[in-house]
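Below: the structure, in structure tokens.
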Amino acid sequence: MPAITLPDGSVRQFDGAVTGTDIAAAIGPGLARAALAMKLDGKLVDLSTTVAADASVMFITRKDEASLELIRHDAAHVLAEAVQELFPGTQVTIGPSIDNGFYYDFARNEPFTPNDLPTIEAKMREIIARNAKFSRSEIDRDEGIAFFEERGEKYKAQLIRDLPASETITLYKQGEWLDLCRGPHMRSTGDVGDAFKLMKVAGAYWRGDHRNAMLSRIYGTAWRDRKELDAYLTMLDEAEKRDHRRIGTDMDLFHLQEEAVGSVFWHPKGWMLWRKLEAYMRRRLDDNNYLEVRTPQMVDRTLWEKSGHWEKFRENMFIAQIDDESEKDRILALKPMNCPCHVQIFNTTLRSYRELPMRMAEFGACHRYEPSGALHGIMRVRGFTQDDAHIFCTEDQIASETVAFVELLSSIYRDLGFESFRVKFSDRPERRAGEDATWDKAENSLKDACREANVEYELNPGEGAFYGPKLEFVLRDAIGRDWQCGTLQVDFVLPERLDAEYVAEDGSRKRPVMLHRAILGSFERFLGILIEQYAGRFPLWLAPVQVVVAPIVSDANDYAQEVAAALRAAGVEVRTDLRNEKINAKIREHSLQHVPVILVVGRKEAEARTVAMRRLGGDAQEILDLATAVTNLAQEALPPDLKVA
RNA sequence: GCCGACAUAGCUCAGGGGUAGAGCAACUGAUUCGUAAUCAGUAGGUCCUCGGUUCAAUUCCGAGUGUCGGCACCA
């Protein structure tokens, strides 16, 4: 006699065990038609699930966001059926729902190509039209293994083998096709609907391990209805327009070329952007008691051997050697990071606890031989500049330094237009330096510090640096890809390896802790993110060209130059456009270049000593007298940290 | 590094076994014009590189390089 509690608090009694389908039918025909699955005591299950005891039930319909995951997961099954129908001999592996869609990984001698997608998609629509019911069944573990082995599905058999012995093995069948799957699913393939699209093919390693076979992955996107699908596709189109590589070319900010793979050629406007960001960062660090240093670009391998980087990252370092017999034993590496160099400065003299925390900063140019497939525009490059710093401190200072760092980072992100960001906590990796006790200490102090700094993080197990756990501060690019920018790493290992020490209050020698930290991460990556964040429409203080003065007639040229000179003297980045072009053309071109302010001057303005100010994105003009315009713009163009409220 | 796709003018792209095309940009001339494209003209190419097939290759084939989308990697 189960009593079913519904989300509105009402309770329904049933005479015996019932399925979700029965319950929905009892509530009403509308719900019976709409229900796709249900939450049984909070757990998402099939409608066909039998309920024999008192429970709370909530039905999931297409109106619920929760249906998206079901639609996407079912779509993955339909995709797999379509592929096996079209390409016999293809093995299935796994196919989960993901953000915005789904994928399925197939094992096949010939990988799929984009040309296969329309055919597969058509077959999927056919399968959806068949509207075959999803039916769940359980199978004994050994039977399951034998069953899939016999069908030549060795990946599925392997999946069962790797499931814990206690796990119930379930199969889902749709028509004649079936798959090993935990579920849940909707009622039938027809519930997938038509708001889906196959997007791309890609290679992916079995189990995400590069030592395994490469599978052929097909990605799709799926939504509740056409409107949602179209909105998503439109969003992708829009996102493509803010791609930093495209804007970098359009706005003439930088370029990349084959002769310097993974290194950026910054053009004048792009470099202006860099300089503004760097100047801003330098002021913020100065104000927060960092000491800026500069360390060598090339350092002998012996130092990297001591630090442990040689052993772990040797293949990823650029090695320099002199072509001269007398130098044949000297091997230098372009520095891949700055930490060992900073320790060298720390070690030049005997330090006192009174000097701690010592915050040593460097805009350090580093080189890493990144795998070719990892390169991405200016976001992942081989030559980059970190806004690096190392805080030498005592164990007791870890928490307060973390709090101060998080505050500084938040404030800087806010100034740069990022109100929110995600934080990941990466703990000890498999390959690591240092004792477990040291790691316990490092992880615990970082966790404590997070608590004190009010940082909410998601755990990222096993992803820490080889010398210590880290916090990663993650920003998202235009199309939703995540990039690690800021980081804070607690390191007890390097000070030990490089023999850093200070004299404590009691006169004893102690090891400092090193906090490795960056806020932007690298200038290249951050500028890439920044370009996408603003779609090239930078706030006035960051814009590489802040103001263009555009005369309407050549009679106003002299005045235009006078206006520009006044702005330049007030610290504004200004250009004049004296070309013999119509004002419409000038407005259009500078608007396309995302210049924030255009000052139009004609005979009237020259006569009255005023300017007609036009803001990017608007078509209104404001007439101001020259002195006021200069004062206002100069004030407005100040970086956020220099602005007086 | 792995799987797949792509590489033609500064940019965006079309084309195709017989010496290559458009739009925009650039350059020259004319136009002095009031808030998102004035008109006319000119110039611009190792069709990524190397090799093969062919009477002939930018086009077909192979290798390499680079880029893009994923995967793996990211001190």
TODO: Could you tell me the distance between the Cα centroids of the range A:548-625 and the range A:227-295, to the nearest Å?
DONE: 27 Å
Task: Directionally averaged projected area (convex hull, Cα atoms, the range A:41-186), nm² - done: 10.1 nm²
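Tell me, what % of the accessible area of the range A:1-131 is carbon and sulfur with a 1.4 angstrom probe?
Taking all protein chains in place, the range A:1-131 shows 53 percent carbon and sulfur surface.
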TODO: Kindly sort A:D8, A:D625 by accessible area of their heavy atoms, largest first, with the probe set to 1.4 Å.
DONE: A:D8, A:D625
Task: Burial order of peptide ranges A:563-569, A:50-56 (average beta-carbon count within 10 Å, highest first) - done: A:563-569, A:50-56
- [ ] With only Lys, Arg, Asp and Glu charged, each at its Cβ (+1 for the first two, -1 for the last two), find how big the charge dipole of chain A is about the Cα centre; round to the nearest 20 debye.
- [x] 1020 debye
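Using the heavy atoms of the protein chains alone and a 1.4 angstrom probe, what is the accessible area of the range A:40-194 per residue in square angstrom?
48 Å²
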Open item on the list: With bins 5 Å wide starting at 0, give me the P(r) of the range A:541-605 over every alpha carbon pair, in whole percents.
Closed with: 4, 20, 31, 25, 16, 4, 0
- [ ] State, as an integer percentage, the relative contact order of the range A:127-169 based on alpha-carbon contacts under 8 Å between residues 6 or more apart.
- [x] 43 percent
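Pairs of alpha-carbon atoms within less than 8 angstrom and 6+ residues apart define the contacts here; what relative contact order does the range A:357-502 have, in percent?
21 percent
Heavy atoms only, probe 1.4 Å: what % of the accessible area of the range A:480-562 goes to carbon and sulfur, would you let me know?
40 percent
In whole Å and largest first, what semi-axes does the C-alpha gyration tensor of chain A yield when each eigenvalue is scaled by 5 and square-rooted?
The three semi-axes for chain A are 52, 38, 26 Å.
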TODO: Mind ranking A:L233, A:L520 by accessible surface for me, highest first, 1.4 Å probe?
DONE: A:L233, A:L520
Task: Accessible area of the range A:482-547 divided out per residue, in Å², using a probe of 1.4 angstrom - done: 28 Å²
- [ ] Quick one: net charge around A:G571, please, counting Lys, Arg +1 and Asp, Glu -1 for every other residue with C-beta under 14 Å from its C-beta.
- [x] +2
Open item on the list: Give me the percent of accessible area attributable to carbon and sulfur for the range A:301-363, probe 1.4 angstrom.
Closed with: 47 percent
- [ ] Positive end of the charge dipole of chain A (Lys, Arg +1 and Asp, Glu -1 on Cβ, about the Cα centre): tell me which of A:V406, A:L567, A:P114 has its Cα farthest that way.
- [x] A:L567
Open item on the list: Taking the alpha-carbon distance from A:K133 and a cut-off under 18 Å, which lysines remain once sequence neighbours fewer than 8 residues away in the same chain are dropped?
Closed with: A:K123, A:K173
Task: Peptides ranked, highest mean first, by Cβ atoms within 10 Å: ranges A:199-206, A:222-229 - done: A:222-229, A:199-206
Task: Square roots of five times the Cα gyration tensor eigenvalues for the range A:354-497, Å - done: 24, 19, 17
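Can you pull out the trypsin sites (Lys or Arg not before Pro) in the range A:166-196 whose DSSP state is coil and whose Cβ has at most 14 other Cβ atoms within 10 Å? Each step should come with its number before you reach the end.
Values: sites: A:K173, A:R182, A:R187; in loops: A:R182, A:R187.
The qualifying sites are A:R182.
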TODO: Over chain A, calculate the relative contact order: mean separation of alpha carbon pairs under 8 Å at least 6 apart, over the residue count, as a percent.
DONE: 9 percent
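Given the -39500 (n - 2.57) contribution per DSSP H run of 4+ residues, what per-residue ellipticity at 222 nm results for chain A, rounded to the nearest 500 deg cm²/dmol? Display every interim value, and only then the final one.
Working: 20 runs with 223 residues, N = 645.
Value at 222 nm, helices only: -10500 deg cm²/dmol.
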- [ ] Diagonalise the Cα gyration tensor of the range A:33-77 and give the resulting equivalent ellipsoid semi-axes, square root of 5 times each eigenvalue, largest first, whole Å.
- [x] 20, 11, 9
Task: Loop sites in the range A:354-435: trypsin sites (Lys or Arg not before Pro), DSSP, at most 12 other Cβ within 10 Å - done: A:R431
Task: Members of A:K441/A:K470; A:K306/A:K328; A:K200/A:K227; A:K470/A:K510 lying beyond 18 Å, as alpha-carbon distances in this model show - done: A:K306/A:K328; A:K200/A:K227; A:K470/A:K510
Open item on the list: For the ranges A:163-172, A:100-109, what's the packing order if you count other beta-carbon atoms within 10 Å of each residue, average per peptide, and put the highest first?
Closed with: A:100-109, A:163-172
Task: Local electrostatic count at A:W304 - Lys and Arg +1, Asp and Glu -1, tallied over other residues with Cβ under 14 Å - done: +4
TODO: Under 18 Å Cα to Cα from A:K604, which lysines show up? Leave out anything in the same chain fewer than 8 places away.
DONE: A:K582
TODO: At most 13 other Cβ atoms within 10 Å and a DSSP loop assignment: could you name the GluC sites (Glu not before Pro) in the range A:524-575 that fit?
DONE: none
TODO: Take the alpha carbon atoms of the range A:430-458, find their center, do the same for the range A:70-130, and report the distance between the two centers in whole angstrom.
DONE: 42 Å
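Can you run the Rg to Rh ratio on the range A:404-445? Use alpha carbon positions and the Kirkwood inverse-distance Rh.
With Rh from the inverse mean 1/r over Cα pairs, Rg/Rh is 1.17.
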Task: Cα pair distances exceeding 15 angstrom across the range A:318-410, given as percent - done: 72 percent
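The values are calculated or read from the model by the stated rules, or taken from the named source; none is laboratory data. Computed from a prediction, not measured in an experiment: that's the story for all the values here. Cβ sites come from the backbone with ideal geometry, for glycine too, and all protein chains shown count toward neighbours. Accessible surface areas use protein heavy atoms only, side chains included; no ligands, DNA or RNA. Shrake-Rupley method; radii C 1.70, N 1.55, O 1.52, S 1.80 Å.
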